[in-house]
Amino acid sequence: MADREPTGSTNPNVPGPLRGQTMGYLGELARAYVPPQMFSRVWSPAEGLAKGTIFPELYRPYEPGERA
Amino acid sequence: MWIYEKKLEYPIRVSYTNPRLAKEVITQYGGPDGELAASLRYLTQRYTMPIPQAKAVLTDIGTEELAHMEIVAALVYNLIKHASVDEIKAAGLDDYYADHDRALYFVNAAGAPWVASYIQSKGDPIADLHEDLAAEQKARATYEYLIQLSDDPDVTDALRFLREREVVHFQRFGETLNLVHEWMDSKNVF
């Protein structure tokens, strides 16, 4: 268990030393990761409806011109 | 089985008749990265998900995409319902009018009809969830292009809401991918 921890992998076939091949990133090679959201504060339902989410950490407003 | 709510998930209005904008926004109704494709993709892929959490996420998000399809339909219809034939011709929507009048139909911005090959249902949960993550990013990008093209602040407001929902869905599919990986690792299935 402990020697797998540095890779962040739950895959028993991924040994701890693979850490050196992931260039400092947690996780094993050849798969995608999205960090899990941790519950924190939420906006009111009315504000959430206006913004499209009640979670401040997921709010990514877009302004045209940022990319053109 | 669904329970029907007789209102839109997000209230919409349009500032004025605008068949040019309708011609563009309709791609999120029947285009490759639109809401019909999204809802059918998720509601179809759900059956071969290996864990209940993944089935639930696909069913929930597929259901919400149906609600978004309804919002896009309402936007498009409100933009064209009072348009004169001259306005429709000036906006380049006359080809569409010849087949559909001012009715809603599943086409992309260039008029190509919706096809099932816009979506995949692979039977491999890792492959399907990667498609779903990509689909959310493609839909987000499309909403950004539509926001750039919109000259109606009321339509832009609805497009912003729909775009933000794609961001949230991406996060949920990512968390689902992690759960499916953990389940596969626990089963020693690689």
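The values are calculated or read from the model by the stated rules, or taken from the named source; none is laboratory data. Only a predicted model underlies this, so the values are computations on that prediction, with no experimental measurement involved. Using ideal geometry, Cβ is built from the backbone for each residue, glycine included, and neighbour counts are taken over all protein chains shown. Quick note on the areas: whole protein, heavy atoms, side chains included, nothing else; ligands and nucleic acids left out. Shrake-Rupley method; radii C 1.70, N 1.55, O 1.52, S 1.80 Å.
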Problem - Average projected area [Cα convex hull, chain B], square nanometres - result: 10.9 nm²
Practice task
Show which lysines lie in cross-link reach of B:Lys7 when reach means a straight Cα distance below 22 angstrom and same-chain residues fewer than eight apart are skipped.
Solution key: A:Lys51, B:Lys81
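Can you tell me the order of B:163-175, B:101-113 when each peptide is scored by its average per-residue count of other Cβ atoms within 10 angstrom, highest first?
Numbers: B:163-175: 20.8, B:101-113: 15.1.
Highest mean packing first, the order is B:163-175, B:101-113.
How many partner chain Cβ atoms sit within 10 Å of a residue's Cβ in peptide B:137-146, on average, as a whole number? Write down the numbers at each step before the final one.
Values: counts 0, 0, 0, 2, 1, 0, 1, 5, 1, 0.
Mean shielding count: 1.
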Problem - ³J(HN,Hα) computed for each position of segment B:98-110 - Karplus, 6.51 cos²θ - 1.76 cosθ + 1.60, integer Hz, glycine/proline x - result: 4, 9, 10, 6, 9, 6, 7, 9, 7, 9, 8, 5, 8
Handout entry: Pair B:His82, B:Asp154: separation of 7 Å Cα→Cβ label points (nm)
Key = 0.8 nm
Handout entry: Counted charge near B:Met49, where neighbours are those whose Cβ lies closer than 11 Å (Asp, Glu -1; Lys, Arg +1)
Key = -1
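Could you work out the mean count of beta carbons from other protein chains within 10 Å of each residue's beta carbon in B:160-168? Let's see the in-between values first.
Working: counts 6, 5, 1, 4, 8, 2, 2, 7, 8.
Rounded to a whole number, the mean comes out at 5.
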Exercise for the section: With θ set to phi - 60°, apply the Karplus curve 6.51 cos²θ - 1.76 cosθ + 1.60 along segment B:119-126 and write out the HN-Hα couplings as whole Hz, x wherever there is a Gly or Pro. Expected result: 10, 10, 9, 8, x, 10, x, 5
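What's the extension gain from B:Trp2 to B:Ile51 if we count 0.36 nm per residue and subtract their Cα-Cα distance? Numbers along the way, then the final one.
On the way: separation 49, 0.36 × 49 = 17.64 nm, distance 2.14 nm.
In short, 15.5 nm is gained.
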Problem - Karplus 3J(HN,Hα) series, Hz, for segment B:14-25 with 6.51 cos²θ - 1.76 cosθ + 1.60 (x for Gly, Pro) - result: 10, 6, 6, 4, 7, x, 4, 5, 4, 4, 8, 5
Exercise for the section: Please find the FRET efficiency linking B:Asp99 to A:Leu26, where r is the Cβ-Cβ separation and R0 is fixed at 45 Å, and quote it to the nearest 0.05. Expected result: 0.25
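Ignoring everything except DSSP H segments at least 4 long, calculate the 222 nm mean residue ellipticity for the protein assembly as shown; use -39,500 (n - 2.57) per segment, divide by total residues, nearest 500.
Numbers: 9 runs with 131 residues, N = 258.
Taken over the protein assembly as shown, the calculation gives -16500 deg cm²/dmol.
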Exercise for the section: Along each of the three principal axes of the Cα atoms of the protein assembly as shown, give the extent in whole Å, ordering the values from largest to smallest. Expected result: 72, 39, 36
Practice task
Enumerate the lysines that B:Lys122 could reach by cross-link, defined here as Cα to Cα under 26 Å, with residues fewer than 8 away along the same chain left out.
Solution key: B:Lys55, B:Lys138, B:Lys187
Completion exercise
Here, A:Glu57 and B:Thr44, labelled 7 Å along Cα→Cβ, have an inter-label distance in nm of 3.5 nm
Handout entry: Summed buried accessible area for A+B [probe radius 1.4 Å, Å², rounded to 100]
Key = 2100 Å²
Exercise for the section: Identify the residues of segment B:76-111 with backbone N under 11 Å of a label point that sits 7 angstrom from the Cα of B:Glu9 along the Cα-to-Cβ direction, or state none. Expected result: none
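Using mean Cβ contacts within 10 Å as the protection proxy, how do B:26-36, A:40-50, B:6-16 order, highest first?
Working: B:26-36: 23.9, A:40-50: 11.4, B:6-16: 13.8.
Highest-to-lowest ranking by the protection proxy: B:26-36, B:6-16, A:40-50.
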Completion exercise
Expressed as a whole number, the average count of other chain Cβ atoms within 10 Å around the Cβ atoms of B:84-94 is 0
